[in-house]
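Heads up, the thing below is written out as structure tokens.
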Amino acid sequence: MIKIKGSPLLLGIFLVSLTLRILAITVPINSDEVLWMTRGSTFIQNLLEGDLTGTYRRHHPGVTNMWVIGSSMLANCRLQKHFPSLLGLNQPLDLDACFNQVQFPILFYVLPRLLQGAIASACMVSFYILTKRLLGQSVALCSLSLLLLEPFFLAYQRYLTTDALMADFSILALLLFLLYLRSDRYRRQLLVASGVFMGLATATKVTALFILPAIAIWIVLIESGIWRTRFPQRGWKRQLADFRWWGLSILGTIVLIWPAMWVSPSYVVAQIYKGLLKESARGVLFFLGQITDSPGLLFYPLVLAYRLSPVLQVGLLAFLAILLIPKLRRHQKKMPEVTALALVPLCVLLILSVSDSKIDRYINLFLPVLALLSAVGWLEIVVWVGRGAEALRHRFEKHHIGQWGINRGVTTAIALFGLQLIVLIPYYPYYLSYYNPLLGGSGAAKHIFMIGQGEGLDLAAKWLNQSPNAKEIKVASWYSSSFAAYFHGQTLPIEKDILPDPQPWTTANRVVLYYNQFQRQLPEPKAIAYFAPQQPLYAARLHDIDYARVYPGPVPLPEDLERIQVPLSISFGKQVRLLGYDLNTSKLSPGEVLVLTFYWKFLAPIPPDMTINISLRDRQGNLQNRSDARPLDGYFFTDKVTSGTVLRDVHKLTVTPGKPPNRYRLEVGWYLPSNGQALEVRDAVGNSPGTQAIISELEVIKPDT
């Protein structure tokens, strides 16, 4: 029998857990983390200023996150004040300015992540201790091996979002409550401790309350005598009294740690209710290749199939066999405990499936429970293998299922740790890019799920930072605050809500688009259609998916102008000059799309409805194809342009199917659709061929050439 000493093992669990959470601590930044950095900063600032009502920031409500982030930000700001260049800022800021930064430097994320990692790691130690008391050391070791290296779980454990601490506090609350229910003596301290952790979980994310129906079922089954072999019946009066104590512990914890509840409880409750209603109707989701507001009942089964590791899934299948086969079930002495735990994910999934708003991260609430159930399944698999192997039969016969031996548990835990490590390592440190490789991995998942929450933006920023003039470059980016933490130049947002004013990205030198923008057609289909045919300068590729693509922006850099394929100097009236153009090809088949990039220099404002006409004519001058569009597909306001502005402008021309092979003239001009008035063309020497400039010849070839 192998004996594992307590203190070194607990220290080892803490250090392994912490190491996994802080390796590559600044990569990546989740899109929601920036929001919580802002909320945490505002939370601590309002607290310091005595504005207790102002400590309500969001309906989640994320109180524990805001304490972690806010206290870390206070430390960051103190450090920044005394050592201005230490955290990436070149000048000292007062406390108010430090808290209210629009975009936080990347090093500002280190302290909050360290503190959260330490808290989460302490929870993992507690998870082991409580699981050992409830189900034995073998299950405790195996479940910890599974959970610590589960890619999807670990990804969110590293992020400064509500999912990490909610999951950690919730599982401790559940284990403590089960230990209390199982105890022969009336041990109210377990009940109160469970309530405290449940209060912390609820104050972190209100969806932690989705486990309450499972707990209610526990009480009913216990008092019905179904689990009397493991859980003593106390009577309904005692159970209800205990439940009140538990509820008071939850409420007391929330009130104690949330200053807004001290002064404005009715306001807080009303705001949470309004926020939850709005959250349930978020819309613009992507599932099974379609944009949808409600993914449907198939969503979470597919999430569990693609987001969980094969190692965890095999154990869960074995546990399901135990649950369904009476012979296996009878051998389990602790079957009531594991059945009680199995009710938790079942109840939570039923509640989540009712809501229209479905996000894969919501399964974090019960992932620790799935690790426990999978551990039970794996230990049963080991017994099955042992019974089938003649050489090992004697060794396993003395470890009857339900009397989980330490020797077998340690060996299984080490094996599971190794298997999980093999699954995890290829995704370091972008663990959220994991999708089950046995089901096609990312290649299949990109047709099913919305892809990406900020992964790869650091790579795009790193590539752009290599430019010699990076600090002078303007880059517009989706998830702009996440991107800005890495980029040395100026970051502009790509707005989700389209406004009538010019969009910020129209003034950018480079534009960074994200994979799920193409999936969800955001900010709108027209904007995506403008960039879709263009060739990106760089793609941040993770597991066969271009998470972030860097495109040339509407405002070309000097080096862009030097690389124009066909430089020209053609004037259109006295308002605009064509500096040159790029073509994606000079030969194409009927039905194919020609992509033209014009470089315009505006000398004066022109009417807002002025249109660019691109024509394809045969040698006799007969019109064969025509495309009419405004500059930048209407996103560029020509009536507000300043003299000297240079615009990189992309257009498409589709060659009509069935067009006979031939050489055609490519022409361009500017005109007003309302009255047909056109700008007169003038070449470099002042000659005027009319209102259409012939810029190139295009060869249409046979499709099979």
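The values are calculated or read from the model by the stated rules, or taken from the named source; none is laboratory data. What you see is a predicted model, and the numbers here were worked out from it, not measured in a lab. As a convention, Cβ positions derive from the backbone with ideal geometry for all residues, glycine included, and neighbour counts pool all protein chains shown. Quick note on the areas: whole protein, heavy atoms, side chains included, nothing else; ligands and nucleic acids left out. Shrake-Rupley method; radii C 1.70, N 1.55, O 1.52, S 1.80 Å.
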Among residues of the stretch 436-467 being more than 18 Å from the chain's Cα centre (by Cα) and under 27 Å from L492 (Cβ atoms), the residue surrounded by the most Cβ atoms within 10 Å (Cβ to Cβ) is L464
_Any residue that is free of Cβ contacts under 8 Å to residues at least 40 places away in the same chain, open to solvent by 30 Å² or more (accessible area, probe 1.4 Å) and under 23 Å from the mean Cα position of the chain (by Cα) - is there at least one of those in the stretch 81-91?_
no
In the set S126, S121, the lone residue that is of a type in the set (G, A, S) and open to solvent by 10 Å² or more (accessible area, probe 1.4 Å) is S126
With respect to L115, is the statement that it is part of a helix (DSSP H, G or I) and out of contact with any helix residue (DSSP H, G or I) (no Cβ under 7 Å at 6 or more places or on another chain) true? no
- Query: Does the stretch 540-562 contain at least one residue that is of a type in the set (V, I, T), at pLDDT below 95 and under 21 Å from V641 (Cα atoms)?
  - Reply: no
With criteria (1) closer than 30 Å to F210 by Cα; (2) open to solvent by less than 20 Å² (accessible area, probe 1.4 Å); (3) among the polar types (S, T, N, Q), N76 comes up short on (1)
So, first residue assigned to a helix (DSSP H, G or I) in the stretch 311-331, second residue modelled with pLDDT under 90, Cβ within less than 7 Å, six or more apart or across chains; the pairs are A321/L328; I322/L328; I322/R329; I322/Q332; L323/R329
Condition set open to solvent by 10 Å² or more (accessible area, probe 1.4 Å) and among the hydrophobic types (A, V, I, L, M, F, W, C), scope the stretch 572-589, selection farthest from P554 (Cα to Cα): answer is L583
Exercise for the section: Determine if the stretch 351-368 includes at least one residue that is assigned to a helix (DSSP H, G or I), at pLDDT 85 or above, open to solvent by 40 Å² or more (accessible area, probe 1.4 Å) and in contact with a helix residue (DSSP H, G or I) (Cβ under 8 Å, 6 or more places away or on another chain). Expected result: yes
By residue number, the members of the stretch 532-547 that are out of contact with any Lys or Arg (no Cβ under 8 Å at 6 or more places or on another chain) and either closer than 26 Å to V27 by Cα or in contact (Cβ under 8 Å) with a residue 24 or more places away in the chain (or both) are Q534, Q535, R541, L542, H543, D544, D546
Selection from the stretch 353-377 of residues within 17 Å of Y156 (Cα to Cα) and of a type outside the set (K, R) yields I359, D360, Y362, I363, N364, L365, F366, L367, P368, V369, L370, A371
Among strands (runs of 3 or more DSSP E) entirely inside the stretch 590-651, those with 2 or more residues being open to solvent by less than 10 Å² (accessible area, probe 1.4 Å) are 593-602, 611-617
At negative phi, open to solvent by less than 60 Å² (accessible area, probe 1.4 Å) and not basic (K, R): does that describe E680? no
Checked pairs for the stretch 657-670, first in contact (Cβ under 8 Å) with a residue 60 or more places away in the chain, second aromatic (F, W, Y), C-beta under 7 Å and 6 or more apart or across chains, list as W670/F572
